[in-house]
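Data first, discussion second: the structure below is written as structure tokens.
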Amino acid sequence: MAGVAGWQGLRSLVDGRLRLPGDAGFTEASRAFNERYHHVRPAAALTAANAADVGRAIGWAREHGTPFTVRGGGHSYTGSSVNTGLVLDLRGLDEVRVDPSSGLVTVGGGARMKAIYAALRPHDLAFPLGNSDDVGIGGLVLGGGVAAVSRAFGLTCDALVRTDVVLADGTTLTCDGTENADLFWACRGGGGGNFGVNTSFTFQARPVPPASSTCLLLWSWEHAPEVLSTAQEVMRRAPEAFAARIGASRAPGQDGTVSMIGQHLGPAEELRELLEPALAAATPYRADIADRTYWEAVDYLHHTTSGGAFAVRTRCVPQPLPEAGVATVLAALEKWPGSGNPDGAGVALFTWGGAINRVPVADTAFPHRDVLFLISMDTSWNTDDPAEVARDNLEWLTGLHQEMGAFASDAAYVNFPDPDLPDWRSAYYGPNLARLNEVKHRYDPDRVFRFAQAI
């Protein structure tokens, strides 16, 4: 690990800002989003000013034997955006350029959702993006990137047409479908941080649809069995223009809630008709189904979290869960051990399929091209909860994940990484793992880019 003199040497090499503990802005550049990892304290954080800074920092870290990690939006579920060495912070690489004539959108490797949406909106152009302001584009697209409009538009990585990558030797490669095509393939779903540092991405955007509507439906817990079964059938039959998240959740000291939130690229009249079976299964205590422009829908679907510590595990299914699977979910939530975090615990079924599944599995590194629902199981607690609360929550989540193995595959979504997943390589990458290993060996033979779940 570098001492003070070593850090001074790095500072003299770069145009960006190097911060040490105690410096203004250090905490913001080096704090873990998931407070499960709040104890991890970096030694320094470099906010790169340009791609050259990235190459220089990698070379310096290798020369000094200093571990480094790359931070885009910083939203890594597993704390991979922080370490005990150098955090290479990409927030300074946040330029967004839109070419309205071609629909090409070029964004810096550290750009975040809020800035990208703001740049697209005046031109009424869109491509699949996340619904949280601070999520970074790099983490989203490199793991695939599923958005509210992905059933109609495809994944974020399906819209990617070019990317610049700084390699372990400090050089930069431009990658697209013909130039360095193998690395370009890996960057579309192969997971962030595995092959290099992506400092720029170019996407093909499209005009926003003329009509859009959203829904938010909430049911009391007593209706959970029939609503969860019916809602899944609604989504199995739904057109690609409609995507929704079906959820069952518990918050501390409260009864459970069943929810359905989504966006339809069509009028509210059509959306209400699509939802009719779920509305008929049981009367929701809240039902908001309304026409909203594409941009109003982006704002409506905006997501925030209460923070604290959390863990997430995922599985995939190609069809709705059977009654026994729904019963397993509900029984587990009724046994949730509780915590002090108002986010509580839940199970969400994100509707995939549609345009996502029309791309052949080998065309990109993203392997889950036969999925109807991603099943996301999560729990949360506070860092000041007693130690046994965290232990009990993690044991509860592990038990639920194991029980759901009777109804869902072992496939898991790399953008919801799970540090406790035993066979994560095949779960994240499936049939594309062997080719990803080859790309890794070609571009990073010394595994300079490594972390707990690095290829």
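Every residue in the range 108-124 that is hydrophobic (A, V, I, L, M, F, W, C) and part of a helix (DSSP H, G or I), please. Before the answer, list the steps.
Looking only at the range 108-124, we keep the residues that are hydrophobic (A, V, I, L, M, F, W, C), and these are 111, 113, 115-116, 118-120.
Scanning the range 108-124 gives M113, A115, I116, A118, A119, L120.
Here A51 fulfils each of the conditions (1) closer than 26 Å to T172 by Cα; (2) at pLDDT below 95 apart from (2).
Cβ-Cβ below 7 Å, separation at least six or inter-chain, first residue in the range 309-323 and without any contact (Cβ under 8 Å) to a residue 24 or more places away in the chain, second assigned to a helix (DSSP H, G or I): which pairs? Qualifying pairs under 7 Å: none.
Condition check ((1) among the polar types (S, T, N, Q); (2) on the phi > 0 side of the Ramachandran plot; (3) in a helix (DSSP H, G or I)) across all residues:
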| site | (1), (2), (3) |
| --- | --- |
| P21 | no, no, no |
| H39 | no, no, no |
| P42 | no, no, no |
| A49 | no, no, no |
| R56 | no, no, yes |
| T69 | yes, no, no |
| G79 | no, yes, no |
| N83 | yes, no, no |
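Check whether at least one residue in the range 183-200 is free of Cβ contacts under 8 Å to residues at least 40 places away in the same chain and not hydrophobic (A, V, I, L, M, F, W, C), and report yes or no. No, the range 183-200 contains no residue that is free of Cβ contacts under 8 Å to residues at least 40 places away in the same chain and not hydrophobic (A, V, I, L, M, F, W, C). Each residue in the range 423-455 was checked for being within 19 Å of Y37 (Cβ to Cβ) and outside any loop (DSSP other than H, G, I, E, B), and 1 pass.
Of all residues in the range 108-124, those that are farther than 17 Å from V149 by Cβ have Cβ atoms under 7 Å from Cβ atoms of residues that are surrounded by fewer than 17 Cβ atoms within 10 Å (Cβ to Cβ) and at pLDDT below 95, 6 or more apart or on another chain, in R112/D133; R112/D134; K114/D133.
For residues in the range 239-265 being assigned to a strand (DSSP E or B) and among the charged types (D, E, K, R), which is farthest from the chain's Cα centre (by Cα)?
That would be R250.
Residues in the range 92-107 that are hydrophobic (A, V, I, L, M, F, W, C) and in a loop (DSSP other than H, G, I, E, B): L93 only. Among the residues of the range 33-51, which ones are crowded, with 22+ Cβ neighbours inside 10 Å and either touching a helix residue (DSSP H, G or I) at 6+ places or on another chain (Cβ under 8 Å) or hydrophobic (A, V, I, L, M, F, W, C) (or both)? If the condition is that a residue be crowded, with 22+ Cβ neighbours inside 10 Å and either touching a helix residue (DSSP H, G or I) at 6+ places or on another chain (Cβ under 8 Å) or hydrophobic (A, V, I, L, M, F, W, C) (or both), then P42, A44, A45, L46, T47, A48 are the ones that fit.
If the condition is being among the charged types (D, E, K, R) and either over 16 Å from L183 (Cα atoms) or surrounded by 13 or more Cβ atoms within 10 Å (Cβ to Cβ) (or both), then the range 423-441 contributes D423, R425, R435, K440. Residues that are surrounded by fewer than 20 Cβ atoms within 10 Å (Cβ to Cβ) and hydroxyl-bearing (S, T, Y) within the range 203-229 comprise S220, S229, listed in sequence order. For the range 200-238, give me each residue that is of a type in the set (A, V, I, L, M, F, W, C) and assigned to a loop (DSSP other than H, G, I, E, B). The answer is A205, V208, A211, A238.
The values are calculated or read from the model by the stated rules, or taken from the named source; none is laboratory data. Fair warning: this is a prediction, and the values are worked out from it, not measured in the lab. Heads up, the Cβs are rebuilt from the backbone with ideal geometry, glycines too, and the neighbour counts pull from every protein chain shown.
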